[in-house]
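Visitor: Take this structure, written in structure tokens, and hold onto it; I'll ask about it next.
Every read-out reported here was derived from the displayed coordinates using simple, explicitly stated rules and does not represent laboratory data. No experiment lies behind these values; they were computed from the predicted model shown. Positions of Cβ are generated from backbone atoms using ideal geometry, with glycine treated the same way; all protein chains shown enter the neighbour counts.
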Amino acid sequence: MATVRKRTRATRKDGSVPIVVNYTDQYGKRRQKTFPTVKAAENWKIETQKAVKDGTHTPDHGSITLLQPQIAGLTMAKLKEFAQMSTSFAAIASPTISPVPQSGE
């Protein structure tokens with residue numbers, strides 16, 4: 001069940017009072033989201049309750065941005081490239097590099 005309420009002890013610079021929606025997601029975790037108007041909060045509450053019931057709700061801070069997969073993709077591409085280079089280097093360098101003699105040998 002979700003509730004909409006005025007946030008106490010918080011007033012914005014323009015004098016308005018933020019509206020807060022408290023709800024429990026499909027995993028039983030309590031969450032909160034803030035809105036500038038009651039109407040926006042009520043509309044979001046209705047949509048979110050349906051998504052929670054369907055099991056498709058993803059909280060804002062739990063979702064990834066569009067940039068994160070790109071960063072991960074670049075990272076994986078660089079790791080694969082490095083692995084290929086190091087394998088190639090090892091294949092070339094192994095037969096030609098002789099061990100360094102230890103002192104006293």
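Visitor: Using Stokes-Einstein with the Kirkwood hydrodynamic radius over Cα pairs, what translational diffusion coefficient do you get for the range 3-62 at 10 °C and a viscosity of 1.306 mPa s, in µm²/s rounded to a whole number?
Guide: 131 µm²/s
Visitor: Here's another thing I want to ask about it. Give, as a single signed number, the net charge of other residues whose beta carbon lies under 15 Å from the beta carbon of ASP25, with Lys and Arg counted +1 and Asp and Glu -1.
Guide: Value of the local net charge: +4.
Visitor: Mind listing the long-range amide H neighbours of HIS57? Cut-off is under 5 Å, sequence gap 5 or more, other chains count too, H placed in the peptide plane at 1.01 Å from N.
Guide: VAL52
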